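Chemist: To start, I am sharing the structure in question, which I have written as structure tokens.
The values are calculated or read from the model by the stated rules, or taken from the named source; none is laboratory data. Bear in mind the structure is a predicted one, so any value in this text is a computation, not a measurement. Counting neighbours? That spans all protein chains shown, and the Cβs are built from the backbone with ideal geometry, glycine included. Each accessible area value is taken on the protein alone, full model and side chains, heavy atoms only, with ligands, DNA and RNA left out. Shrake-Rupley method; radii C 1.70, N 1.55, O 1.52, S 1.80 Å.
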Amino acid sequence: MDSNDLERERGITIFSKNAAVTYNGIKINVIDTPGHADFGGEVERVLKMADGVILLVDAFEGPMPQTRFVLQKALQLNLKPIVVINKVDKPNCRPDEVHDAVFELFFNLDATEEQLDFPTYYGSGKNGWFNDSLTPTDNILPLLDGILKYVPSPRVSDGTLQMQITSLDYSSFLGRIAIGKVSRGNIRENQQITLVQTDGSHKKSKVRELYVFEGMGKKKVAEVQAGDLCAVVGLEDFNIGDTIADAENPEALPVISVDEPTMNMLFSINNSPFFGKDGKFVTSRHLRDRLMKETEKNLALRVEDSPGGESFIVYGRGILHLGVLIETMRREGYELTVGQPQVITKQVDGKKYEPYETLVVDVPQEFASKVIDLVTRRKGEMLVMETKGEMQHLEFEIPSRGLIGLRTQMLTATTGEAVMAHRFSEYKPWKGMIPGRNNGVLLAKQGGTATGYSIDKLQDRGTFFIDPGEEVYAGQVIAEHIKPGDLVVNVIEGKKLTNMRASGSDAATNIAPKTLMTLEECMEYIEFDECIEVTPNFIRMRKVLLNEEDRKRAAKQMSAQEA
Ligand SMILES: Nc1nc2c(ncn2[C@@H]2O[C@H](COP(=O)(O)OP(=O)(O)OP(=O)(O)O)[C@@H](O)[C@H]2O)c(=O)[nH]1
Ligand SMILES: [Mg+2]
């Protein structure tokens with residue numbers, strides 16, 4: 001069901017989606033949720049529409065850190081999950097062990113007796129079958145039977161209309177669409193309603209059109225009964241969390257709460273020399289309107305104006321959550337500058353607390369000690385070490401700060417073999433200094449077009465992030481230095497012209513291709529005095545202070561302050 005461009009590129013679900021099937025005369029609404037903890041806000045609200053949960057687990061990998069997160073949310077809502085162990089087609093899969101691991105997870109999450117007694121189905125989505133045993137079939141009917149058997153019919157109560165808006169959709173024909181579950185009464189086309197907003201205020205409105213989910217699409221209907229999910233067209237000025245209620249006697253449903261943000265980043269207008277060259281929306285006004293609009297549907301996101309009015313502090317649930325927002329904006333034509341992600345600390349009993357995460361790393365045996373060393377240096381503590389076939393399975397507790405920049409180092413240290421995943425666990429006391437990036441960077445001395453000649457000469461000094469022919473500006477990060485400390489270099493030098501020409505001596509042909517970094521890799525890479533210029537076609541890392549003299553002065557000031 002992943003239909004968004006970003007979802008397809010990354011192979012993960014970011015936004016929840018609806019589908020519906022009718023089986024044996026009973027309508028089954030299906031809601032697909034993201035699995036990653038960064039999108040917890042999305043999971044928490046859509047689970048409110050659900051009467052049951054199917055927990056999908058990989059038959060080889062078993063429960064992942066994010067499995068714990070979504071399962072916890074479901075258990076807290078008193079939903080009784082059906083466990084589906086998928087991908088039993090994988091060679092070396094271990095469905096029985098995975099089943100035990102899932103049981104243990106339920107137990108650790110304080111599941112009730114009833115929840116612990118979960119039904120389990122096995123199968124392969126890829127091969128199109130699911131069964132209540134490991135015996136393959138050629139269909140998914142046993143699972144559908146299980147859904148009818150174990151998922152209770154919707155809990156509805158008697159009374160006037162109540163429907164909480166849990167998602168938004170947009171259509172250029174119909175405008176904004178409110179999606180939710182009718183939990184009481186019924187809703188009709190052309191009905192007058194009262195919208196009860198999360199701050200308690202009331203607003204009269206009218207339903208223009210109604211849709212229910214059918215297959216992968218929607219079907220227009222005249223009326224929807226309590227228990228079904230629906231999409232309402234025609235309401236004005238609504239937000240997620242609002243209740244659509246009776247026109248005369250409106251009663252609101254409890255407000256949806258979502259987890260607090262754990263990370264923030266400074267978003268500003270692009271103030272590089274290349275300002276406005278690439279994007280359509282470039283002013284702080286554009287940026288502000290776009291960010292505010294996002295907070296309407298992205299519940300775990302918060303935006304604050306920062307003094308001066310040119311920048312905004314954006315609070316989110318992690319690198320991925322904020323990264324997806326930035327990536328979406330650049331595709332819409334925005335230009336912006338984003339700073340180094342900062343974790344959000346809290347004061348608890350007069351002490352400084354910071355977010356911690358559970359980090360899981362699966363890595364071939366021979367790299368295990370390197371990984372442990374790397375994570376320990378970043379103040380991680382190992383909790384679990386298990387052998388899984390050829391692989392070593394490691395679990396750590398680590399401050400979120402320690403994760404920033406870890407991925408690149410981890411992949412380098414394990415020649416790309418490590419598989420890592422992490423999830424926010426809790427706030428705990430501040431763990432002290434965590435070393436940042438080991439290496440310095442090479443910075444462009446002046447603006448211009450990078451030449452193959454200069455890059456070739458500088459190749460043994462660093463690993464380049466640019467190719468010959470790219471436009472650069474002074475203060476732009478163009479390479480990783482092979483050593484600590486930054487170096488300002490000339491990359492626009494042309495080859496001295498001589499009359500001698502030898503075939504095959506063109507420097508450009510010997511240049512290693514540039515290292516391409518994704519937006520999130522850049523977010524994890526930069527240091528506090530650096531930022532990222534994001535435009536529709538370019539992602540450039542740069543110093544906040546582009547001028548070399550300014551940087552020297554700032555550094556002097558800082559060391560004076562430290563002294
Ligand atoms: N071998 C095998 N691979 C599968 C099977 N089902 C799904 N996959 C693969 O597993 C990967 C992840 O599938 P998704 O459906 O995106 O997983 P997801 O759980 O929705 O992931 P999130 O939305 O990010 O939580 C894809 O590459 C699928 O092709 C299966 O039955 N067998
Ligand atoms: Mg998915």
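Chemist: What do you get for GluC sites (Glu not before Pro) in the range 363-442 restricted to DSSP loop and a cutoff of at most 12 other Cβ within 10 Å of the site's Cβ?
Modeler: Hits after loop and neighbour filter: Glu390.
Chemist: Same structure again: Once ligands and nucleic acids are excluded and a 1.4 Å probe is used, how much of Val221 is accessible, expressed in Å² to the nearest 10?
Modeler: 30 Å²
Chemist: When only the heavy atoms of the protein chains count and the probe is 1.4 Å, how do Val151, Val419, Val43 rank by accessible area, highest first?
Modeler: Highest to lowest solvent-accessible surface, that is Val419, Val151, Val43.
Chemist: Can you give the relative contact order of the range 275-398 as a percent, counting alpha carbon pairs under 8 Å and 6+ residues apart?
Modeler: After rounding, I find 18 percent.
Chemist: List, in order, the whole-Hz ³J(HN,Hα) value for each residue of the range 483-493 obtained from phi through the Karplus relation with A = 6.51, B = -1.76, C = 1.60 and θ = phi - 60°; use x for Gly and Pro.
Modeler: Coupling constants for the range 483-493: 10, x, x, 8, 9, 9, 10, 8, 10, 10, 5 Hz.
Chemist: Okay, moving on. Considering the zone a paramagnetic label at Asn78 would reach in this model (a point 7 Å from Cα along the Cα-to-Cβ line), which residues of the range 91-111 have amide N under 11 Å from it?
Modeler: Those under the cut-off are none; the list is empty.
Chemist: Excluding Val324 itself, calculate the net charge of residues whose Cβ lies under 10 Å from the Cβ of Val324, where each Lys or Arg counts +1 and each Asp or Glu counts -1.
Modeler: That sum, taken over residues with Cβ under 10 Å, equals -3.
Chemist: In the structure displayed, which of Lys48/Lys293; Lys27/Lys73; Lys48/Lys73 lie more than 18 Å apart, Cα to Cα?
Modeler: Table pairs above 18 Å Cα-Cα are Lys48/Lys293; Lys27/Lys73.
Chemist: Given the rule -39500 (n - 2.57) for each run of at least 4 DSSP H residues, summed and divided by the residues of the chain, what is its mean residue ellipticity at 222 nm, to the nearest 500 deg cm²/dmol?
Modeler: -6500 deg cm²/dmol
Chemist: Let me ask another. Take the solvent-accessible surface of the protein heavy atoms, probe 1.4 Å, and return the percent of it on the range 168-305 that carbon and sulfur atoms account for.
Modeler: 47 percent
Chemist: Please state the charge dipole magnitude for the range 209-290, taken about the Cα centre, from unit charges on C-beta atoms (+1 on K and R, -1 on D and E), reported in debye and rounded to the nearest 20.
Modeler: Using Cβ point charges on Lys, Arg, Asp and Glu, the range 209-290 gives about 840 debye.
Chemist: Here's another thing I want to ask about it. Once the Cβ-Cβ distance between Lys280 and Leu6 is put in as r, and R0 is 22 Å, what FRET efficiency do you end up with, to the nearest 0.05?
Modeler: That pair, Lys280 with Leu6, gives E of 0.70.
Chemist: I've got another one for you. With all protein chains present, calculate the accessible area of Met64 using a 1.4 Å probe and round the result to the nearest 10 Å².
Modeler: 50 Å²
Chemist: At a 1.4 Å probe radius, carbon and sulfur cover how many percent of the accessible area of the range 352-463?
Modeler: Exposed carbon and sulfur together represent 51 percent of the surface.
Chemist: When only the heavy atoms of the protein chains count and the probe is 1.4 Å, how do Ile54, Ile256 rank by accessible area, highest first?
Modeler: Sorted by accessible area, descending: Ile54, Ile256.
Chemist: Report the one residue of Gly494, Met517, Gly389 whose Cα lies farthest in the direction of the positive end of the charge dipole of the range 380-530 (charges on C-beta: Lys and Arg +1, Asp and Glu -1; origin at the Cα centre).
Modeler: Gly494
Chemist: Compute the accessible area per residue over the range 259-367, keeping the other protein chains in place, probe 1.4 Å, unit Å².
Modeler: Value returned for the range 259-367: 43 Å² of accessible area per residue.
Chemist: Per residue of the range 43-56, what does 6.51 cos²θ - 1.76 cosθ + 1.60 with θ = phi - 60° give for ³J(HN,Hα)? Whole Hz please, x for Gly and Pro, Karplus curve as stated.
Modeler: Result, rounded to whole Hz: 5, 4, 7, 6, 4, 5, 8, 8, 9, x, 9, 10, 9, 8.
Chemist: Lys/Arg Cβ at +1, Asp/Glu Cβ at -1, dipole of the chain taken about the Cα centre: which of Thr328, Ala178, Leu299 is farthest positive-ward?
Modeler: Thr328
Chemist: Right, here's the next one. Which whole DSSP H helices in the chain pass both tests: a Cα extent of 15 Å or more along the axis and a mean Kyte-Doolittle value no lower than -0.5?
Modeler: Membrane-span-like by this rule: 65-76, 95-108, 319-331.
Chemist: With the cut-off at 25 Å, tell me which of the pairs Lys379/Lys514; Lys126/Lys297; Lys352/Lys483; Lys90/Lys218; Lys483/Lys514 have Cα atoms farther apart than that.
Modeler: In this structure, Lys379/Lys514; Lys126/Lys297; Lys352/Lys483; Lys90/Lys218 exceed 25 Å between Cα atoms.
Chemist: Loop only per DSSP, at most 13 neighbouring Cβ atoms within 10 Å: give me the GluC sites (Glu not before Pro) in the range 203-276, ordered by residue number.
Modeler: Filter output for the range 203-276: Glu236, Glu248.
Chemist: Using 0.36 nm per residue, how much length does the chain from Gln365 to Asn490 gain when fully extended, once their Cα-Cα distance is taken away?
Modeler: Result for the pair: 40.6 nm of gain on full extension.
Chemist: Which FRET efficiency value, to the nearest 0.05, do you get for Ala563 and Met433 by plugging their Cβ-Cβ distance into 1/(1 + (r/R0)^6) with R0 = 25 Å?
Modeler: That gives a FRET efficiency of 0.90.
Chemist: Okay, moving on. Return the long-range amide H neighbours of Asp486 (sequence gap of 5 or more, or a different chain), with a cut-off of under 5 Å between placed amide H atoms.
Modeler: When sequence neighbours closer than 5 places are left aside, the close amide H contacts are Val441.
Chemist: Using the charge dipole of the chain (Lys, Arg: +1 at Cβ; Asp, Glu: -1 at Cβ; taken about the Cα centre), state which of Ser369, Thr412, Pro34 has its Cα farthest towards the positive end.
Modeler: Farthest towards the positive pole: Thr412.
Chemist: Enumerate the calculated ³J(HN,Hα) couplings along the range 212-228 in order (Karplus 6.51 cos²θ - 1.76 cosθ + 1.60, θ = phi - 60°), each rounded to whole Hz, writing x wherever the residue is Gly or Pro.
Modeler: 10, 7, 8, x, 8, x, 10, 10, 6, 9, 8, 8, 10, 8, 3, x, 8
Chemist: Same structure again: Filter the trypsin sites (Lys or Arg not before Pro) in the range 271-333 to those in DSSP coil with at most 14 other Cβ atoms within 10 Å of their Cβ, and list the result.
Modeler: Here the trypsin sites (Lys or Arg not before Pro) that fit, given the DSSP loop and packing criteria, are Lys277, Lys280.
Chemist: Sticking with this structure for a sec: Can you list residues whose amide H is under 5 Å from Trp129's amide H, if they're 5+ apart or on another chain and H is modeled 1.01 Å from N?
Modeler: The answer is Ser124.
Chemist: What residues have an amide H closer than 5 Å to that of Thr345, excluding those fewer than 5 places away on the same chain, when H is modeled at 1.01 Å from N in the peptide plane?
Modeler: none
Chemist: Largest first, how would Tyr353, Tyr121 line up by accessible area (1.4 Å probe)?
Modeler: Heavy-atom accessible area, descending, gives Tyr353, Tyr121.
Chemist: Which value, in Å² and to the nearest 10, is the accessible area of Lys388 when all protein chains are kept and the probe is 1.4 Å?
Modeler: 50 Å²
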